[in-house]
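Reading through the structure tokens given below for one structure.
The values are calculated or read from the model by the stated rules, or taken from the named source; none is laboratory data. Note that the coordinates shown come from a computational prediction; the quantities given were computed from them, not determined experimentally. Virtual Cβ from ideal backbone geometry, glycine too; neighbours counted across all protein chains shown. SASA here: full protein model, heavy atoms, side chains in, ligands and nucleic acids out. Shrake-Rupley method; radii C 1.70, N 1.55, O 1.52, S 1.80 Å.
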Amino acid sequence: LTAMGDPSMDPTISAADSTAQQDSLFSMMDVFLISLITGLFTYWFFFRKKKEEVPDLPKMQSVVAPVRDSSFIEKMKKTGRNIVVFYGSQTGTAEEFANRLSKDAHRYGLRGMAADPEEYDLSDLSRLSEIDKSLAVFCMATYGEGDPTDNAQDFYDWLQEADADLSGLRFAVFGLGNKTYEHFNAMGKYVDKRLEELGAQRIFELGLGDDDGNLEEDFITWREQFWPAVCEHFGVEATGEESSIRQYELVVHTDVNMNKVYTGEMGRLKSYENQKPPFDAKNPFLAQVTENRKLNEGGERHLMHLELDISNSKIRYESGDHVAVYPANDSSLVNQIGEILGTDLDTVMSLNNLDEESNKKHPFPCPTSYRTALTYYLDITNPPRTNVLYELAQYATDSGEQERLRKMASSAAEGKALYLSWVVEARRNILAILQDMPSLRPPIDHLCELLPRLQARYYSIASSSKVHPNSIHICAVTVEYETKTGRLNKGVATNWLKNKVPDQNGSSSLVPVYVRKSQFRLPFKPSTPVIMIGPGTGIAPFMGFIQERAWLKQQGKEVGETVLYYGCRHEREDYLYREELARFQKEGVLTQLNVAFSRDQAEKVYVQHLLKKNKEHVWKLVNEGMAHIYVCGDARNMARDVQNTFYEIVSEFGNMSQPQAVDYVKKLMTKGRYSLDVWS
């Protein structure tokens, strides 16, 4: 057969050779046919055997079965729970509230569990009625501009697409939001409305917590009315007073391999020594600080520009994204807590969940030392919530101090007022409370159990990956203020970053980071005009935008008008990136630079005043040029004032009434032509 296909064979062959070859050919053909028949028979035999085996699926069933076991319904049945509290949490507060509600349940003869919606199939909600006296509670935070939190994204997507029948489901929703934002509590409102549309029964009204006011008080007020509604619905009664029940048990490790002890990692042990992509919230990248310079020339504040090296990390970012930074608490605060509680902070321990069925085995990575926990894992600088005060009260040996703590943790009007003034407004953190209550000396392990997790801080990236593919830039101002008690409180992350001095190989300049994608994006067409409004550190994303527009121009692209409205206090003190902006303007990339120096004259001038001054040009860009508007910075005042100014401009030049102008701007937002990156 090989010879038949050989093109080098001589075409002139003798008759004898031809006959011999013919005989050979026949014998080879016989072999070929026999092989073919044998092959076909073998194929048929095994194929038929497979077909016969298809209906028999015991192995496949045994593989699929565990998926059902991991459903929250099966878990609730197995552990005797009837209340599940789902949380959509970005900074840990909603998770904290969910844990408190699930813990409350035992007072009413019920059993609760807090659950991360990311870990379960929420379509199982339709089966919750299989459990007696069952209830689903949702503590849902709203992130950004009305978005779900990262861990609630899948749940949100499912709700939008679901056509499930939830008629057997009983539910209640508490939303966590901030009134300074345009889409106040959008996620909580949506979940509440959508569950009802799918046939679920609301057993208590939607709670709307406002972090711009007093979120803790909003939660307590809702909670104290929620439980009586649950009792009435199920015909149960409170079994007694709220009691302190430990969720974790302490295990002290006297003889432990230090290679198995966490030293600040967020997820995988030794992940900081052996870095592996992809990098995210549970696996941050250790970026080297290559530049840390002070931006302002004077004044009391410290404004800084940092550059983080992300070479070889495979981290990709776009202009407008956020970089998350995991900070560390000030070592002096940690040491003072250790001294007050008379603890050896280098003791290695684990806090193990007493509920063996819980997905959350520890409150933070364990085993670890108290020093590591208080430095990297726990929030020791924010005023503690009322549940922490309630749990700690039992350790105050002075009856007056114990009563004071219990009163602040109560739902009585007097208690709420005392908590607001003595803790929240005085900005007393846990150290200050321990200092001001000499008889309060709780065991450090219980304190570590109660304190919330230290959260990553998000910063708008101040660079373009087109220009700086291996570097992320941050623009930030250090937070430092005196409290009503005369203490000096410092922002955790900004003061920690301030001390990150670039060095060649030391760990002192390493920062754990990951990138969070944003909707704050330049227009798809470079020729579309952009109007950027960002006073103070709100200029950060616009440095990235301008860098990118300059790069596009260098590539020969037609770039539309690029207009910046920037504001600071004094021209000679805190005019950030003055030289860079002047250069961009000189190169023709920044077509218009409008700067408001608010305190350089008797009457304060802000960015919205400059918008009004240039209102005709602004309207022309928006109406005729189809410009995209971007606002970055303070949500409480600036963003609202800027939005009101746009209402005025649209009303005046678009010949519209105030409601029509508001509707016009809202439509710009819907179309992605008016974007916000704001904070309060």
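Give segment 478-496 a look and list any residue that's crowded, with 18+ Cβ neighbours inside 10 Å, over 20 Å from the mean Cα position of the chain (by Cα) and either modelled with pLDDT under 95 or aliphatic (A, V, I, L, M) (or both), or say none.
none
List the number of the failed condition for Ser463; all other conditions in (1) among the hydroxyl-bearing types (Ser, Thr, Tyr); (2) within 30 Å of Trp551 (Cβ to Cβ); (3) open to solvent by 10 Å² or more (accessible area, probe 1.4 Å); (4) in a loop (DSSP other than H, G, I, E, B) hold.
(3)
Within 30 Å of Gln275 (Cα to Cα), in contact (Cβ under 8 Å) with a residue 12 or more places away in the chain and either more than 27 Å from the chain's Cα centre (by Cα) or open to solvent by less than 30 Å² (accessible area, probe 1.4 Å) (or both), is that true of Val530? It would help to see each step written out before you state the result.
Numbers: within 30 Å of Gln275 (Cα to Cα): no; in contact (Cβ under 8 Å) with a residue 12 or more places away in the chain: yes; either more than 27 Å from the chain's Cα centre (by Cα) or open to solvent by less than 30 Å² (accessible area, probe 1.4 Å) (or both): yes.
So Val530 fails the test.
Taking Asn185 as meeting all but one of (1) out of contact with any helix residue (DSSP H, G or I) (no Cβ under 9 Å at 6 or more places or on another chain); (2) open to solvent by 20 Å² or more (accessible area, probe 1.4 Å); (3) over 19 Å from Glu74 (Cβ atoms), write down the number of the exception.
Of (1) out of contact with any helix residue (DSSP H, G or I) (no Cβ under 9 Å at 6 or more places or on another chain); (2) open to solvent by 20 Å² or more (accessible area, probe 1.4 Å); (3) over 19 Å from Glu74 (Cβ atoms), only one is false for Asn185: (2).
Taking segment 287-344 on its own, how many of its residues are assigned to a strand (DSSP E or B), over 22 Å from the mean Cα position of the chain (by Cα) and among the β-branched types (Val, Ile, Thr)?
Summing the residues that are assigned to a strand (DSSP E or B), over 22 Å from the mean Cα position of the chain (by Cα) and among the β-branched types (Val, Ile, Thr) in segment 287-344 gives 2.
Table: residues versus (1) of a type in the set (D, E, K, R); (2) without any contact (Cβ under 8 Å) to a residue 24 or more places away in the chain; (3) open to solvent by 30 Å² or more (accessible area, probe 1.4 Å).
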residue: Arg100; (1), (2), (3): yes, no, no
residue: Lys103; (1), (2), (3): yes, no, yes
residue: His106; (1), (2), (3): no, no, yes
residue: Ser126; (1), (2), (3): no, no, yes
residue: Lys133; (1), (2), (3): yes, no, yes
residue: Phe138; (1), (2), (3): no, no, no
residue: Ala141; (1), (2), (3): no, no, no
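So Ile73 clears everything in (1) in contact with a helix residue (DSSP H, G or I) (Cβ under 7 Å, 6 or more places away or on another chain); (2) open to solvent by 10 Å² or more (accessible area, probe 1.4 Å); (3) of a type outside the set (S, T, N, Q) except one condition, right? Which one?
(2)
Can you tell me which residue in segment 162-173 is farthest from the chain's Cα centre (by Cα), limited to those that are closer than 18 Å to Phe234 by Cα and open to solvent by less than 10 Å² (accessible area, probe 1.4 Å)? Talk me through it step by step, then tell me what you get.
Taking segment 162-173 and keeping what is closer than 18 Å to Phe234 by Cα, we get 167-173.
Narrowing the set further to residues that are open to solvent by less than 10 Å² (accessible area, probe 1.4 Å) leaves 169, 171-173.
Values: Leu169: 29, Phe171: 25, Ala172: 23, Val173: 20 Å.
Residue satisfying both the conditions and the ranking: Leu169.
Given the criterion open to solvent by less than 50 Å² (accessible area, probe 1.4 Å), touching a helix residue (DSSP H, G or I) at 6+ places or on another chain (Cβ under 8 Å), part of a helix (DSSP H, G or I) and at pLDDT 95 or above, identify the matching residue among Leu159, Leu176. Lay out the reasoning, then the answer.
Details: Leu176 fails: part of a helix (DSSP H, G or I).
None of the others qualify; the one that does is Leu159.
Just checking, does segment 268-291 include any residue being touching an Asp or Glu at 6+ places or on another chain (Cβ under 7 Å) and assigned by the TED database to the domain that holds Pro442?
Within segment 268-291, not a single residue is touching an Asp or Glu at 6+ places or on another chain (Cβ under 7 Å) and assigned by the TED database to the domain that holds Pro442.
Among Ala94, Ala152, which is in the same structural domain as Gln201 (by the TED database), touching a Cys at 6+ places or on another chain (Cβ under 6 Å), surrounded by 22 or more Cβ atoms within 10 Å (Cβ to Cβ) and modelled with pLDDT of 95 or more?
From the options Ala94, Ala152, the qualifying one is Ala94.
On the given criteria, is Asp677 free of Cβ contacts under 8 Å to residues at least 60 places away in the same chain, acidic (Asp, Glu) and within 25 Å of Tyr459 (Cβ to Cβ)?
Numbers: free of Cβ contacts under 8 Å to residues at least 60 places away in the same chain: no; acidic (Asp, Glu): yes; within 25 Å of Tyr459 (Cβ to Cβ): yes.
Judged against the criteria, Asp677 is not a match.
Please determine, by comparing only the residues of segment 255-271 that are charged (D, E, K, R) and in a loop (DSSP other than H, G, I, E, B), which one is most open to solvent (accessible area, probe 1.4 Å).
First, pick out the residues of segment 255-271 that are charged (D, E, K, R): 255, 260, 265, 268, 270.
Next cut, in a loop (DSSP other than H, G, I, E, B) only: 255, 265, 268, 270.
On the way: Asp255: 144, Glu265: 3, Arg268: 89, Lys270: 44 Å².
Residue satisfying both the conditions and the ranking: Asp255.
Assigned to a helix (DSSP H, G or I) and among the polar types (S, T, N, Q): does that describe Gln455?
No, not satisfied.
Confirm whether Thr381 is of a type in the set (Ser, Thr, Tyr), surrounded by fewer than 21 Cβ atoms within 10 Å (Cβ to Cβ) and within 18 Å of Val334 (Cα to Cα).
Working: of a type in the set (Ser, Thr, Tyr): yes; surrounded by fewer than 21 Cβ atoms within 10 Å (Cβ to Cβ): yes; within 18 Å of Val334 (Cα to Cα): yes.
Judged against the criteria, Thr381 is a match.
Scan Leu351, Leu308, Leu405 and give me the residue that is closer than 15 Å to Leu451 by Cα and open to solvent by less than 60 Å² (accessible area, probe 1.4 Å). Can you show your working first?
Working: Leu308 fails: closer than 15 Å to Leu451 by Cα; Leu405 fails: closer than 15 Å to Leu451 by Cα.
Step by step, each of Leu351, Leu308, Leu405 is checked, and only Leu351 is closer than 15 Å to Leu451 by Cα and open to solvent by less than 60 Å² (accessible area, probe 1.4 Å).
Please specify each residue of segment 189-214 satisfying the condition of being open to solvent by less than 20 Å² (accessible area, probe 1.4 Å) and within 22 Å of Asn82 (Cα to Cα).
The answer is Val191, Asp192, Leu195, Leu198, Ala200, Gly207.
I want to confirm something. Restricting to segment 354-372 and keeping residues that are modelled with pLDDT of 95 or more and under 21 Å from the mean Cα position of the chain (by Cα), which single residue is most open to solvent (accessible area, probe 1.4 Å)?
It comes out as His362.
Take Val589 and decide whether it is over 30 Å from Gly213 (Cβ atoms) and aliphatic (A, V, I, L, M).
Values: over 30 Å from Gly213 (Cβ atoms): yes; aliphatic (A, V, I, L, M): yes.
Yes.
Look at Val511 and say whether it is open to solvent by 50 Å² or more (accessible area, probe 1.4 Å), within 30 Å of Glu273 (Cβ to Cβ) and outside any helix (DSSP H, G or I).
Numbers: open to solvent by 50 Å² or more (accessible area, probe 1.4 Å): no; within 30 Å of Glu273 (Cβ to Cβ): yes; outside any helix (DSSP H, G or I): yes.
So Val511 does not fit the description; no.
Could you pull out every one of the helices (runs of 4 or more DSSP H) wholly within segment 589-677 that has 2 or more residues that are in contact with a Pro (Cβ under 9 Å, 6 or more places away or on another chain)?
Details: elements: 607-613, 615-623, 640-653, 658-670.
Correct list: 615-623.
Test Arg427 against the stated conditions and say whether it is on the phi > 0 side of the Ramachandran plot, touching a residue at least 12 places away in the same chain (Cβ under 8 Å) and either open to solvent by 60 Å² or more (accessible area, probe 1.4 Å) or charged (D, E, K, R) (or both).
Working: on the phi > 0 side of the Ramachandran plot: yes; touching a residue at least 12 places away in the same chain (Cβ under 8 Å): yes; either open to solvent by 60 Å² or more (accessible area, probe 1.4 Å) or charged (D, E, K, R) (or both): yes.
Spelling it out, Arg427 is indeed on the phi > 0 side of the Ramachandran plot, touching a residue at least 12 places away in the same chain (Cβ under 8 Å) and either open to solvent by 60 Å² or more (accessible area, probe 1.4 Å) or charged (D, E, K, R) (or both).
Taking segment 215-254 only, how many residues are modelled with pLDDT of 90 or more and either open to solvent by 70 Å² or more (accessible area, probe 1.4 Å) or over 30 Å from Cys366 (Cα atoms) (or both)?
Here the count works out to 23.
Can you go through Glu579, Glu573, Glu558 and tell me which one is in a helix (DSSP H, G or I) and outside the structural domain of Ile310 (by the TED database)? Reasoning before the result, please.
Numbers: Glu573 fails: in a helix (DSSP H, G or I); Glu558 fails: in a helix (DSSP H, G or I).
Answer to the selection: Glu579.
Each row is one residue, and each column tells you yes or no for (1) touching a strand residue (DSSP E or B) at 6+ places or on another chain (Cβ under 9 Å); (2) not assigned by the TED database to the domain that holds Ser460.
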site	(1), (2)
Leu295	yes, no
Arg301	yes, no
Met304	yes, no
Ile310	yes, no
Ser319	yes, no
Thr343	no, yes
Asn353	yes, yes
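Residues being under 21 Å from Trp619 (Cβ atoms) and part of a loop (DSSP other than H, G, I, E, B): count how many of those fall in segment 520-541. Walk me through it before giving the result.
Step one: list which residues in segment 520-541 are under 21 Å from Trp619 (Cβ atoms), which gives 523, 525, 527-534.
Those still in the list that are part of a loop (DSSP other than H, G, I, E, B) too: 523, 525, 527-529, 534.
Of the residues in segment 520-541, 6 are under 21 Å from Trp619 (Cβ atoms) and part of a loop (DSSP other than H, G, I, E, B).
For segment 566-589, what are the residues that are open to solvent by less than 20 Å² (accessible area, probe 1.4 Å) and under 16 Å from Pro535 (Cα atoms)? Working first, answer last.
Residues of segment 566-589 that are open to solvent by less than 20 Å² (accessible area, probe 1.4 Å), as a first pass: 566-568, 574, 576-577, 581, 584, 589.
Matches in segment 566-589: Tyr566, Gly567, Cys568, Asp574, Leu576, Tyr577, Leu581.
All but one of (1) open to solvent by 50 Å² or more (accessible area, probe 1.4 Å); (2) closer than 24 Å to His473 by Cβ hold for His617; state the number of the condition that does not hold.
Just one mismatch for His617, condition (2).
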